[in-house]
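Read the structure below first, then the notes.
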Amino acid sequence: MAEYGKRERDRPWIMRTYSGHSTAAASNELYRTNLAKGQTGLSVAFDLPTQTGYDADDPLARGEVGKVGVPVSHIGDMRALFDGLPLDQMNTSMTINATAVWLLSLYVAAAQDQGVDPSVLRGTTQNDIIKEYLSRGTHIFPPAASMRLTTDLITYTVSEVPKWNPINICSYHLQEAGATPTQELAYALVTAIGVLDAVKATGRVPESDFGKVVGRMSFFVNAGIRFVEELCKMRAFVELWDRVTRERYGVTDPKQRRFRYGVQVNSLGLTEQQPENNVIRIVLEMLAVTLSKDARARAIQLPAWNEALGLPRPWDQQWSLRAQQILADESDLLEYADLFKGSEVVEAQTQRLVDSAWAEVQEVLKRGGAVEAVESGYIKQRLVESNAARLRAIENGDRVVVGVNKYVEGAPSPLTENLDEAILTVDPEVDASQRAALARWKEERDNAAVEQALAELQRVAKTDENMMTASIAAAHAGVTTGEWANTLREVWGEYRAPTGVAGATVKTSGSGPAAETIARLRKRLDELEVRMGRRPKLLVGKPGLDGHSNGAEQIAIKARDVGFDVVYEGIRVSPEQIVASALEEGVHLIGLSILSGSHLALVPEVVRRLRDAGLGDVPVVAGGIIPEADAERLRRDGVAAVYTPKDFELDNIMSDLIDLVDRQHAAE
Amino acid sequence: MPPSDPHDDAQQVMAANKAAVSRALNLVEDRRPEAQTGVTKLLAELKDAPKAAGGHRVGLTGPPGVGKSTLTSALARSVRQRGRTVGVVAIDPSSIRSGGSLLGDRARMSFDPSDEGLFVRSLATAGVVGGLAYAANSAVRVLAAAYDMVVIETTGVGQSEIDIVHVADTVVLVIQPGSGDVLQFLKAGIMEIPDILVVNKADHDELAQRAVSDLRGALQTAHAVGAGSGQDVNWETPILATSATQGTGIEELIDTLDEHRQHLDATLAGRRRQGEVQWTLDLFSRKHGEHGVSTLGGLAQLKARAERDLDGGQTPLSLCERLSREYVTALGKTP
């Protein structure tokens, strides 16, 4: 007999939506609406200038202000962002890393202004710099200085803001960069070990309190479409973390050994083709992190169905929130104990992952740990190789992606009938208005107090004192994000991380249609080299602040493997730098990759500067999340070709590139 | 491309006009037979460039992963701050399978794109397995005509060090603490002894100090067993510690480079000429092997020939081409 009465249920996870755009005021409005729709926590998306320590008036911020998140330049912006939202009642997750110390300082200062004692604040700072070097690319400083900021934030919150999660170790971005489940487990764990060892080495935490630090470590995990394996991965995480905390750190309190994690499910697998299918993918992926009571996520944010097309609108985000609410409140999932305890299949697969991940953990520790394995390029290279293998499997059909390489025929979707309205567009005036507001702010503040605060920051940076106190004082004094970061850049310098591409080896099969295609492309390039006198040379550039380098890396590797000489510049280069490189390197072709949505500002600028430098005849192609209307504009502006996520067949792109060089040579 | 005048082109290269330098590099990379006359003419025009005679060609080499690109970047920045201009040739290997290459050195370098006094060019080894790029010698000549210091950065332990001696006035070998390979090479006397040894990534004092003293011991052993004969006996190889990411030790490195350049002053022209002779012979023998060398009269005769012809305005590349043609003709005559 079915029972319709009220039943005992577990408390649901925290439901969030990663959001923020344009300005602090616009984002504040969005947060209020989201909370009214039943969202139970906030997840702040900052724009790239804020994440990489630039103000809106910096040349490098051009085209990026308010694009992928909200710009927060100073305490005034932070106050506006949380206007009418009492911070003692919020649970706020901030996706912030290189500038985490600064943004937390602004948050603490804004709370103090609201009359809230910092000790009651709850939320999370992402604060995981390792994965920035490996995948996400918003790092600023060299590893040693970055790790110092990381540990400063941790030791500060453990004593002053005890309910705060000072770090969210991210395996999420590792999967986005192509990590296999084993790699995701292993590299997240070695990152956590690296951070805990560094905290220990500061000597600031008494031995008796170290369990508290371990207990505050949290993780941010990805869930992909192979959801049974992903479910086992979460269970493997729980087991491995218990092992690490017990054996390496001697933590006796089981609560402090709990694997606490939040999730954003996979964006990498979302498709531009038949995008409505993404809703089904998102739901399946959510199951992987909710079905196991013993390894259930504590907070979930879901991407929107149309993310491969552009920025999602509020309605798109609401649809994803509803999926969470239906699973938690409408279904009976939360009424049961762990569903898989004792399942031979799940336990065997979990054990396989535990063993393979543990072996890789040992491998990295043998190489000196996470920081060393970043600096040597070891981890990055493994990720680049895995991602190349993943793309090849999709390209040759070994891995089915519905609507992309199988079942591609379908009726036109009413959801995307008017494609340009099926995404959110950010007002292009945001850039200018933010610059004007910043100028006003600088005019109205007490500049003597700012100077003094910056001098103190500089002094502290040269010692081993905690950076938090001086940063909170700087926040109150009206210092800006750019000023804070530039002061520290002067002391510590900047860091350009290994790209992992040069050493990456990609296995190719020696026969079959794929091998024949490669052989054909190689032959064409060999012939071109003879005709042109030198081997065709391609410059792969990533203009702007966007650090998502997967696309650029895979194009670079593929181009080398078909026979181009490829100059890869790494992330975060300005249009000026790209043009200077093109000139000095004598390239025949330029490929630009931009995923932040700032293509309309950056690509035409590169084209214009090339023309000014006398390189107007060098063809330019662009790739990224570029809506068709924008692509048309770019082509009108002189871009030879535009590629989007639906162009997954790299061989076809290579063939186009060779055509372009060939045609250009013939024209000379 | 409209035909250009080698004299004008050379003047613009010497004025360090970036577009002209780049065009000149494109030309010396061009392997088409019809381009070779232009290459020879251009290099002849650049031969007596004021910068070239007074300048400094620094070879930076070492195993993969020791931070050479980052060090090159830090070095170039500091040399620029001293008011001198810098040209960089960064050499990476070509893939044997595809012939393509990934030239990633720029990714580790930070530079100001508006700086007219810094120029970076990446070259692929292009089939010269284990060695410097085909056009490296010519590219160095172009950059040396335009910039005060030329840095040639290349990866590897073995063949490329021997190559780099042919194009660099000063050879800097970069290693990192704890890399036993280089020690073994030194002890075994296999490796030519570089002019300067740099222990990079010396972020950890203790480890770096140990590496420096280990190297000092190995150098003594190497000298004792007579390794590096033919090396400069009046120059004691300094061992420096740097951290390219933290910017320490860079100023000392520049000072030491300057000292070595000064030390070379009297012998420099001869050293450069010997390098070109050796480069010519290497190019030729890699292409045609021992049979090629013996067909044209043996090593000693070829060497004398190279010295004479290089004095007469040939470049290693053009002379090698000429020798190749002679060899092919001789082959035709052999029964």
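Ranking A:Leu657, A:Leu525, A:Ile555 by Cα position along the charge dipole of the range A:512-667, where only Lys, Arg, Asp and Glu carry charges on their C-beta atoms, puts A:Leu525 farthest toward the positive end.
Shielding by partners for peptide B:23-30, expressed as the average number of C-beta atoms from other protein chains within 10 Å of each residue's C-beta, is 3.
Amide H contacts of B:Ala90 (H built 1.01 Å from N, in plane; Pro and chain starts excluded): B:Arg121, B:Ser122, B:Leu123, B:Glu153 sit under 5 Å, all sequence-distant by 5 or more or on other chains.
The Cα atoms of the protein assembly as shown give a gyration tensor whose axes a ≥ b ≥ c have a/c of 1.5 or more with a/b greater than b/c, which makes the shape prolate. Given their separation in residues at 0.36 nm each and the Cα-Cα distance between them, A:Ser119 and A:Glu444 gain 113.9 nm when the chain is fully extended. Between the amide H of A:Thr17 and those of A:Ser43, distances stay under 5 Å, these residues lying 5 or more places away or on another chain, with hydrogens modeled in the peptide plane.
Note on B:Ala15 and A:Glu429: their simple-model spin labels are 4.7 nm apart, each label 7 Å out from Cα toward Cβ. Other protein chain C-beta atoms within 10 Å of residue C-beta, averaged over A:514-527: 1. Here the Karplus relation 6.51 cos²θ - 1.76 cosθ + 1.60, evaluated at θ = phi - 60°, turns the backbone of the range A:161-177 into coupling constants of 10, x, 8, 7, 8, x, 8, 10, 5, 9, 8, 3, 6, 5, 5, 4, 8 Hz, with x for every Gly and Pro.
Using the beta-carbon distance between A:Ser655 and A:Arg352 and R0 = 45 Å, what value does 1/(1 + (r/R0)^6) give for FRET efficiency, to the nearest 0.05?
Numbers: r = 40 Å, r/R0 = 0.88.
Plugging the Cβ-Cβ distance into 1/(1 + (r/R0)^6) gives 0.70.
Full extension of the chain between A:Glu516 and A:Lys366 gives 49.9 nm of extra length, using 0.36 nm per residue less the Cα-Cα distance.
Shape class for the range A:14-421: rounded, because the ratio a/c of the largest to smallest gyration tensor axis (alpha-carbon atoms, square roots of eigenvalues) is under 1.5. The length gained on full extension between B:Leu299 and B:Gln81, counted as 0.36 nm times the residue separation minus their Cα-Cα distance, comes to 73.9 nm.
In percent, what relative contact order does chain A have, based on Cα pairs under 8 Å that are 6 or more apart in sequence?
Once normalised by length, the contact order is 16 percent.
For chain B, take the alpha-carbon Rg, divide it by the Kirkwood Rh, and send me Rg/Rh.
With Rh from the inverse mean 1/r over Cα pairs, Rg/Rh is 0.97.
Nonpolar atom fraction for the protein assembly as shown, defined as the carbon and sulfur part of the 1.4 Å probe accessible area, stands at 52 percent. Per residue, chain A reaches -15500 deg cm²/dmol at 222 nm when only DSSP H runs of four or more residues are counted, each adding -39500 (n - 2.57). The accessible-area loss of the range A:533-563 on complex formation, taken against its chain alone with a 1.4 Å probe, reaches 50 Å² or more at A:Gly533, A:Arg534, A:Arg560.
Amide H contacts under 5 Å for B:Leu240: B:Leu197, B:Val198, B:Val199, restricted to partners 5 or more places along the chain or on a different chain, H placed in the peptide plane at 1.01 Å from N.
By the rule of a C-alpha distance below 18 Å, with chain neighbours fewer than 8 residues away ignored, the lysines paired with B:Lys51 are B:Lys18. The calculated FRET efficiency for A:Asn418 paired with A:Asp647, based on their beta-carbon distance and R0 = 25 Å, is about 0.65. Model label points for A:Glu668 and A:Glu527, set 7 angstrom from Cα along the Cα-to-Cβ axis, are 1.9 nm apart.
Distance between the 7 Å Cα→Cβ label points at A:Arg608 and A:Asp242: 6.1 nm. In order along the range B:92-104, phi translates into HN-Hα couplings of 10, x, 8, 5, 5, 6, 9, x, x, 8, 10, 9, x Hz, rounded to whole numbers, per the Karplus curve 6.51 cos²θ - 1.76 cosθ + 1.60 with θ = phi - 60° and x for Gly and Pro. Straight-line reach from A:Lys163: taking Cα to Cα under 28 Å and skipping same-chain neighbours fewer than 8 places apart, the lysines in range are A:Lys37, A:Lys131, A:Lys200, A:Lys212, A:Lys233, A:Lys255, A:Lys293. Ranking A:Ala393, A:Thr416, A:Ala461 by how far each Cα lies toward the positive end of the dipole of the range A:371-489 (charges on Cβ) leaves A:Ala393 at the top. A Förster distance of 51 Å, applied to the separation of the beta-carbon atoms of A:Trp315 and A:Lys212, puts the FRET efficiency at 0.75. Whole-Hz Karplus values for the range A:312-329 come out as x, 8, x, 5, 5, 5, 4, 4, 5, 4, 4, 4, 5, 5, 5, 5, 7, 9 Hz, taken residue by residue from phi with 6.51 cos²θ - 1.76 cosθ + 1.60 and θ = phi - 60°; glycine and proline positions read x. Taking GluC sites (Glu not before Pro) as exposed when DSSP calls them loop and at most 16 other C-beta atoms lie within 10 angstrom, chain B has its longest site-free stretch at B:117-235.
The values are calculated or read from the model by the stated rules, or taken from the named source; none is laboratory data. Given the structure is predicted, the values throughout are model-derived calculations rather than measurements. Cβ sites come from the backbone with ideal geometry, for glycine too, and all protein chains shown count toward neighbours. SASA here: full protein model, heavy atoms, side chains in, ligands and nucleic acids out. Shrake-Rupley method; radii C 1.70, N 1.55, O 1.52, S 1.80 Å.
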